[in-house]
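The values are calculated or read from the model by the stated rules, or taken from the named source; none is laboratory data. Keep in mind that this is a model prediction, so the values were computed, not measured. Neighbour counts run over all protein chains shown; Cβ positions are idealised from the backbone, glycine included. Calculation scope for accessible area: heavy atoms of the full protein, side chains included, ligands and nucleic acids excluded. Shrake-Rupley method; radii C 1.70, N 1.55, O 1.52, S 1.80 Å.
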Amino acid sequence: MPLGKTGRRLSFERRLSLWMVALALPAVVLGGWLMVVEHASITAMVAAVMVFALAWLLAASSLMELITRPMQTLANVVAALREDDFSFRARGARRGDALGDLALEINALAGTLQAQRSSALEALTLVERVMSSMQSPVLAFDSLGRLRLHNAAADRAFGLVRPASDGKSAEELGLRVLLDVADEGQYSNSAKANDATRYVVRRATFRLRGAPHLLLVLSDVGAALREEERQAWRRLIRVLGHEINNSLTPIKSIAGSLRGRLPETAGVESGPNLNRDLQRGLAVIEDRAASLNRFLQAYQQLSSLPAPRLEAVPLRLLLERVVLLELRVAVRMIAGPEVVVHVDPDQMQQALINLQQNAVDAALEAAGEASETDAEVSVAWEVEAGQVAIRITDNGLGLLNPVNLFVPFYTTKPKGTGIGLALAQQILIVHKGSVGLTNREDGRGCVAEVRLSLAG
């Protein structure tokens, strides 16, 4: 193998030049010998050498160009393929010669790679769209436990922020426990306190750029359980309402008729006291029947909540209307960013009014009648991970039994119906939002947090 002075292999062009010199050398020797034999003059010999050298240089240059130019073109095409540029092609190639066959095969390889890359990009785009549209959190970790992929649902569920969370370890993100959950196992997002979300975790492995990765898909089983619970309550309320109304309506009607006829039918022997007692008793029966009827109608409202009519509503305007409806306490509104939410304004206003009334009731109960000015309630909002968080804060006694907060019929108020929080939760569920209540960390009281997606 020919070597240069430094021991390295000679270039292809240098070796090709040496071969052309070697091929021309016998012709030069033969021509010189013939001129010596023919006793040619020195001038003729010099002229012959110069003509031969010029002809050799022209032929060698043309041959070098003919051989190296197609190979340089093919090298440029291969280099472009290596850089993921599939637009270059070798021109003028045809079947029947070695370089033409090579150029056509490289062009075919470029077309195949271009088609495969387009398919891969389309598949990746489809995967990204599917992930972004999924309501279930999806996360992918590499072999070192670092976060590599996550969709918008995972951002909302675990408070992830792009791109700050990318590449961080599970320990830094507080998700170490999630990696240890077995396939089809359950995981509870305890960051939401009493409103912790329960997930079923499905695990799978895949390779990305040759490295193994772990894919986690989380399904919210809490939402399904809440929906089943809501349907059970609706069926129960429908049955109770039907049965009780069948008895309440005639009771109320008969009591009213009897009370209206008492002055005419009461005899002298009955006495005024008996007449007065009967009137009072029938009035109580009629009043309690009407009260129980209103009570049932409130629960029927919970069981037959209509579908929301969504529209874009400025959040500040919505909260200002809610705050102005409270007259017992001056509710303080802490202004946040100007955002727009996609909600049914009537339903959402009713949900916020219920939460605000609960906060005011708790603050007044803790303050007492003698110091109502000490009752404090505030409404604030901020944007977090593509959602708006509305927080209604009070300085009441806080939550004593958070387990039954959203259970219909359950109430801790003497005159409560147990429908306010349950109705607020149902309204937030149909709006693809959430509501939770937690005790304050900075003092006495409670925080009701409503989360909604931003419009658009």
(Q) Return the pair list, or none, for Cβ contacts closer than 6 Å from residues in the range 64-76 that are without any contact (Cβ under 8 Å) to a residue 40 or more places away in the chain to residues that are of a type in the set (Val, Ile, Thr), at least 6 apart or on different chains. (A) Leu74/Ile106
Q. If Pro308 passes every condition in (1) open to solvent by less than 20 Å² (accessible area, probe 1.4 Å); (2) in contact (Cβ under 8 Å) with a residue 40 or more places away in the chain but one, which one does it miss?
A. (1)
Q. Can you tell me which of Asn189, Asn194 is open to solvent by less than 30 Å² (accessible area, probe 1.4 Å) and at pLDDT below 80?
A. Asn189
Q) Do you know which of the residues in the range 158-176 that are in contact with a helix residue (DSSP H, G or I) (Cβ under 9 Å, 6 or more places away or on another chain) and not in a loop (DSSP other than H, G, I, E, B) is nearest to Asn189 (Cα to Cα)? A) Phe158
**Q.** In the range 40-85, residue surrounded by the most Cβ atoms within 10 Å (Cβ to Cβ) [restricted to those that are modelled with pLDDT of 75 or more and not in a helix (DSSP H, G or I)]
**A.** Asp85
